[in-house]
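Notes to accompany the following structure.
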């Protein structure tokens with residue numbers, strides 16, 4: 001068996017990512033393997049969280065309330081995506097890809113949702129993989145923790161994602177090592 005990082009976690013200590021994180025990771029990889037999504041299909045209408053992400057402006061709420069509302073909208077959107085994807089796969093009686101296999105088939109991308117700039121550089125450079133707000137496609141989202149959205153990017157889309165990361169003027173989108181997943185989730 002190939003050791004890809006998750007097998008190194010202590011199963012009875014806090015170094016193990018929670019089961020629900022591993023399930024969400026496996027389901028995200030499964031989603032891509034069964035839907036054969038291309039770059040232009042990565043924001044599927046069935047998982048669309050746009051209504052959840054629509055929040056009043058800073059001018060309407062004030063900065064403190066805006067930050068709270070925006071963070072909560074990302075948390076709720078991530079939950080909605082995860083729940084819808086899980087339900088669709090369950091209804092289709094699709095067996096999820098093992099999390100260790102998911103690691104072998106893609107990369108872990110972190111999106112710091114509250115640290116973005118709206119300059120379009122990442123969007124243009126990534127051929128639309130990232131949007132104007134530097135957000136990766138919602139079909140890649142599998143977890144949310146403290147303003148960070150965890151994404152699984154299939155190997156076939158890594159070069160587009162890398163081009164967007166390279167063009168982005170801030171560090172709001174970046175790769176993370178799979179071995180750090182537990183530490184990131186449990187922080």
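A short reminder: the numbers here are calculations on the coordinates, not readings from a lab. Everything numeric here is computed off the predicted structure, so don't read it as measured data. Don't worry about glycine lacking a Cβ; one is built from the backbone with ideal geometry, like all the others, and counts go over all protein chains shown.
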Quiz item: Among 63, 81, what is the fewest-to-most ranking by other Cβ atoms within 10 Å?
Solution: 63, 81
Practice problem: Tell me which label goes with the value of mean projected area of the Cα convex hull in nm² computed from the coordinates here: (1) 10.1; (2) 10.9; (3) 13.6. | Solution: (2)
Quiz prompt | residue 71-residue 41 FRET efficiency (beta carbon distance; Förster radius 25 Å; 0.05 resolution) | solution = 0.35
Quiz item: For the chain, modelled as a GNM with alpha-carbon contacts under 10 angstrom, which of 99, 137, 56 fluctuates the most?
Solution: 56
Quiz item: Going by how many other Cβ atoms sit within 10 Å of their own, how do 151, 172 line up, fewest first?
Solution: 172, 151
Quiz prompt | segment 63-107 and segment 121-145: distance between their alpha carbon centers, rounded to Å | solution = 14 Å
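When a footprinting reagent is the concern and you count Cβ atoms within 10 Å, what order do 91, 139 take, fewest first?
Values: 91 8, 139 22.
Going from sparsest to densest Cβ surroundings: 91, 139.
What percent do you get for the relative contact order of the chain when only Cα pairs under 8 Å and 6+ apart count? Numbers along the way, then the final one.
On the way: 286 pairs, mean separation 56.4, N = 187.
Reported as a whole number, the value is 30 percent.
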Practice problem: Could you check the simple spin-label distance between residue 117 and residue 48, using points 7 Å along Cα→Cβ, in nm with one decimal? | Solution: 3.0 nm
